[in-house]
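Colleague: Please see the structure below; I have some questions.
What follows is calculated from the coordinates using simple rules that are stated; it is not laboratory data. What you see is a predicted model, and the numbers here were worked out from it, not measured in a lab. For neighbour counting, all protein chains shown are included, and Cβ atoms are generated from backbone atoms with ideal geometry for every residue, glycine included.
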Amino acid sequence: MSAEATTLPTERRSFRNGQNAAALVGIAIVLTALQYSGLLPGWLHRLPEAVIPNFAQWLDAAFTFIKDDLGLLALTRFLTEGLEWLLDVSGNLFFGKRRFPNLGPIPWTALAAVIAVIGYYLGGWKLALLGGGTMVWTALIGQWKITMQTVSVLAIAAPLAFVIGLSLGIAAWKYAWVDRVVKPVLSVLQTLPFFTYLLPAVIFFKVGPTAGAVATTIYAIPPMILMTSLGLKKVSPEVVEAGKMSGCTRFQMLRHVYIPSARTEILVGVNQVIMLCLAMVVLTAFIGMPGLGAKLLAMMGSFKLGRSFEIGVTIVLLAVMLDRMSKAWVVKQPEHFERGTPFWRRHQMLIVGASLFGGLTLISMVVPLFAEIGRGQDFSQGKELDTLIKAFLNIEWVKATTGFLRAFLNVQVLIPFRNFMLSIPTPAFILLVAAFAAALAGRREAIYAVVFFSFVALSGWWDRAIITLYSVVSAVTLAALIGLPIGIIAARKEKWATRILLVCDTAQTFPSFVYLIPAIMLFGITDVAVIFSILIFAMVPLIRYTIEGLRSVPEEMTEASDMAGATRIQKLWNVQLPLALPTMAVGFNQAIMFAFFMVIIAAFIGTQDLGQELQRTLAGTDLGKNFVLGICVSLMALTFDMTIMKWAHNKKRLLGLA
Amino acid sequence: MPADTPVISCKNVWKIFGPDPKGFLKSMPAGMTFDEIRAAGYIAGVKDVSIDVHKGEMLVIMGLSGSGKSTLVRCFSRLHDITGGTISVEGQDIMSLAEKDLIELRRSKMGMVFQSFGLLPHRSVLENIAFPLEMRGQDKHTRRERALEVVKLVGLEGREDYFPRELSGGQQQRVGIARSLAIEPDIWFLDEPFSALDPLIRKEMQNEFLRLQKLLNKTIVFITHDFDEALRLADRIAIMKDGAVEQCDTPDRIVQHPATDYVRKFTEDVDKARVVHAGVLALANETGEGTPVDASATVHDMARMLVNDARDMIPVMQNEIIIGAMPRKDALDILLGSET
């Protein structure tokens, strides 16, 4: 692949990689040809049932041992008590659960006012409007209680993930061995499908909010660890020395020098924790967590599009609000006050917020509308929207278009492709993946690819894994066909680039669940809807990194090509795209990771892949099977992740960009 | 000026970077050069340095980047642990100190100023300056009092509540200086304190620094890569190259008698008349006659007099006492270049 390699050894190596890959592809083609001509023995096409080891049972046995004999269950049930207490408190405050301290629920007006004041403090009028507006919308549309159910878990899970992530991040920075242990675990955790978090949470921490909070917390920890250790490593050595020369003890160093100096990275970590928590807390609907996710799940299940749409808007508003506010916090720097500024001026915001809160709470004791918007008082237009959307979909040309797309994609593209992928013999498929890894990255990655995919074959879920892979590959391909041109065109004009980037950034904060809404609206509950939801979800990083890659091409290079008399197309093909490719590859990789994530969620629509099996395990206690399935998805995702990232890294080095 | 025991005394100090510095130093044959050590996979940050710093003295360590000057000063305060040799501060071997005692030493005796200031970005000017006091557990009131005092000393009144990013480079370094002085240290380390500043501000800060030194009379180790700055400030200069000290002497003697070719490269372009003092030229066994000159006057200061005066021997006076006389010809040679 890397034909324009600069140094000789690299060139030779990439040539050898190419040769290896070609040889592997050759064998795969021969095997497939044999299969088609019916000459291939059956055991070479698919592993016979008899050879497949029963991983699920072994894992189950191991879990039972850990759970019961080692007493882990007793420990987690003990932890559950504490967590449950916390959740009860926040539940009481946010939506009036009848538990200690029996103060709640906080009137919606008071909460909206406080959030608006926080928004103003962090980012001026715009954020105040966004924060207050989101709360008012939620209340008026009649979703206050379910939103607060979600928020009450978020309010416990996010701080918990922050504290654990921060501590582990500090430990990983301080002790090399912790770092060595944590790193690989993190990369697996980040590719593990969320269904795999859910079941253990249910088994060890009971169904409902507690398990939801645990799964959410675990899901959000990894980026906090990474950002913390990154930030601590980046503290300038002179600041460290200044701390030492000031006579700091080790603890004082950490408390007063390292952590405050790493503030930016730590706050970026906080932003990511909040966003991941929100994304996950919505998904915990699958294990019976009440709240926005559960409602959305129910509404989509009964095809109530209007209500689904309204809930989608609430989730999106909540996401955008949390994201913008936490990002504003990242860039907020301390400001000094002139000498002699009175107390009330220094703490203006605090006083305004507190008095608004107090005042509105008092008012709401008298005026019930200020405390809660009851049933029938809200402005929900669910039914009307529903008829509207359905009427729109019934318009002749809309129906014709979606119908045509559905039929065309299904019959002409998707199903033939799927059948083709299923027809390839298992060993041939593994060799093809290995060839892909060898050509792009190298021998090490190819060996990993073989090991990982062999495990998938041995797990006994090969066909479903292939269907998963087929959804991912076809969705990402379609996403690339649409996303890359958009990115390239947008990058041509600065104005458009910034606009589209803003859209992408915003879209990336949406919890993945909401992407199902437009898919179901347009295509109903079909295979095409699955592909469509993955497609829009995966398109976001593709567009984003294409624009960023093209924009980061050094100006003197584009100027040089202009002066060399290149046309726009020549410039694009010969200068901009080659230089942007490593960055674009990162986007491509993210698109694939997103697709693996989405394909599992889309199982809700009804697919025949690993996701559906995974979802089924949630109903029971098939912990072993759940894990095997989860690891299958994770291993496939890891193969791509490793290969593409390695390729991007090599390419960057060759181009002198890294 | 030199007291009996040096404040800092280092003997045969080595600082080697690499996979196993201690083992390498032990097995290393004597007399290996910097490049030979590098070929063996190690970097000699400090190479067999012996140097004393006396009470109230200002020692300037001068060298180009990578010469080991910053490493050496970090060995003095044990920000780096040395590989071989001994360093004692006020008679105590600092390598034998436990962490607690080391912290105590830094809290009570040492202050350090950094090239890029090393200010804590989340603390205001006053909080940065009070930081060392806070670390040693002084109460809020006293540390505020003291910090305000130092703020005044470095001329930052009215900026107490600013944050570092709201200040100019020169002002930030004033904060750095103030912080290092807050605990009233006996020993003051300055690691290229003015290198990050633009030339005009640098000059202003040098003057400011000389004023402070006259006021406080600390024992100072000052690092610079600027030979003119070294000449301007130093009581003694140590010139370093490849981790080793090439020459350590007073500015007068370094410009007059550079020990090595490397040192000569620096002194060649220096206007010696602005460096050499009457006191250095004075011969103790001569007396001369007529109006004496002051020992601290440079040849440049005396230029007009040297040209107009007819005496061969001019008496030199230090603290109202005649310490000898200087031959006018020697001074003129420095002023005009010797006849060859």
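Colleague: Shielding by partners for B:120-127, please: the mean number of other protein chain Cβ atoms within 10 Å of each residue's Cβ.
Modeller: The per-residue average across the peptide is 4.
Colleague: For chain A, what does the relative contact order come out to in percent, with C-alpha contacts under 8 Å and a separation of six or more?
Modeller: Taking the mean separation of contacting Cα pairs over the length of chain A, I get 20 percent.
Colleague: I've got another one for you. Just the number, please: percent antiparallel of the DSSP beta bridges in the range B:274-336, rounded to the nearest 5.
Modeller: Looking only at bridges with both residues in the range B:274-336, the antiparallel portion is about 80 percent.
Colleague: If you don't mind, another one. Apply the membrane-span-like helix rule to chain A: whole DSSP H runs, Cα extent along the own long axis of at least 27 Å, mean Kyte-Doolittle hydropathy at least -0.5. List the helices found.
Modeller: The qualifying helices are A:8-36, A:72-95, A:144-174, A:209-233, A:263-283, A:305-331, A:348-366, A:462-490, A:527-551, A:577-601, A:623-654.
Colleague: Distance check, please: which entries in A:174/B:26; B:47/B:109; A:304/A:399; B:55/B:265; A:327/A:646; A:174/B:109 exceed 22 angstrom between their Cα atoms?
Modeller: The answer is A:174/B:26; B:47/B:109; B:55/B:265; A:327/A:646; A:174/B:109.
Colleague: Here is a follow-up. Is it possible to state the helix-based mean residue ellipticity at 222 nm for chain A, with each DSSP H run of 4+ residues giving -39500 (n - 2.57), the sum divided by total residues, to the nearest 500 deg cm²/dmol? What is it?
Modeller: -25500 deg cm²/dmol, from helical runs alone.
Colleague: Using a basic spin-label model with each label point 7 Å from the Cα along Cα→Cβ, how many nm lie between residue A:330 and residue B:108?
Modeller: 4.6 nm
Colleague: Ignore the peptide's own chain and count Cβ atoms of other chains within 10 Å of each Cβ in B:133-139; give me the average, rounded.
Modeller: 3
Colleague: Right, something else. For A:523, A:343, A:453, which order do you get if you count the other beta carbons within 10 Å of each Cβ and list the fewest first?
Modeller: Result, fewest neighbours first: A:343, A:523, A:453.
Colleague: Something else about it: Only counting other Cβ atoms within 10 Å, I'd like A:386, B:93 sorted with the fewest neighbours first.
Modeller: B:93, A:386
Colleague: To continue, here is another question. Note down the nm distance, to one decimal, between modelled labels 7 Å out along Cα→Cβ at residue B:213 and at residue A:49.
Modeller: Distance between the two pseudo-spin positions: 9.1 nm.
Colleague: Give the calculated FRET efficiency between residue B:305 and residue B:333 to the nearest 0.05, with a Förster radius of 22 Å applied to their Cβ-Cβ distance.
Modeller: After rounding, the FRET efficiency stands at 0.90.
Colleague: On a full-extension model of 0.36 nm per residue, what is the gain between residue A:407 and residue A:181, subtracting their alpha-carbon distance, rounded to one decimal in nm?
Modeller: Going from the current span to full extension adds 76.4 nm.
Colleague: Filter the DSSP H helices in chain B by two things, a Kyte-Doolittle mean of at least -1.0 and an axial alpha-carbon span of 15 angstrom or more, and list the hits by number.
Modeller: B:169-181, B:199-216
Colleague: Rank the residues B:160, B:320, B:184 as a footprinting-exposure proxy: fewest other Cβ atoms within 10 Å of their Cβ go first.
Modeller: Taking fewest neighbouring Cβ atoms as first place, the list is B:320, B:184, B:160.
Colleague: Assuming R0 = 35 Å, can you tell me the calculated FRET efficiency for the pair residue B:225 and residue B:96, based on Cβ-Cβ distance, to the nearest 0.05?
Modeller: Computed FRET efficiency for residue B:225 and residue B:96 comes out at 0.60.
Colleague: At 222 nm, what value in deg cm²/dmol follows for chain B if DSSP H runs of at least 4 each add -39500 (n - 2.57) and the sum is divided by all its residues, to the nearest 500?
Modeller: Helix-only estimate at 222 nm: -10000 deg cm²/dmol.
Colleague: Next question, about the same structure. Relative contact order for the range B:51-119 using alpha-carbon pairs under 8 Å, separation at least 6, rounded to a whole percent?
Modeller: Relative CO of the range B:51-119 lands at 16 percent.
Colleague: Other chains near B:111-119: what is the mean number of their Cβ atoms within 10 Å of each residue's Cβ?
Modeller: Per residue, the average neighbour count from other chains is 5.
Colleague: I need the calculated FRET efficiency for the pair residue B:86 and residue A:263, taking r as the beta carbon distance and R₀ as 35 Å, to the nearest 0.05.
Modeller: That pair, residue B:86 with residue A:263, gives E of 0.30.
Colleague: How many nm separate the modelled label positions at residue A:657 and residue A:98, each set 7 Å beyond the Cα in the direction of the Cβ?
Modeller: Each label point is offset 7 Å from its Cα along the Cβ direction, giving 6.2 nm.
Colleague: Could you tell me the center-to-center distance, by alpha carbons, between the range A:242-275 and the range B:254-304 in angstrom?
Modeller: When both Cα centres are located, 52 Å separates them.
Colleague: Still on this structure, I have one more. Can you list residues whose amide H is under 5 Å from residue B:85's amide H, if they're 5+ apart or on another chain and H is modeled 1.01 Å from N?
Modeller: Hits under the 5 Å cutoff: B:14.
Colleague: Then there's this: Over the range B:274-336, what is the mean sequence separation of C-alpha contacts under 8 Å (at least six apart), divided by residue count, expressed as relative contact order in percent?
Modeller: Across the range B:274-336, relative contact order equals 41 percent.
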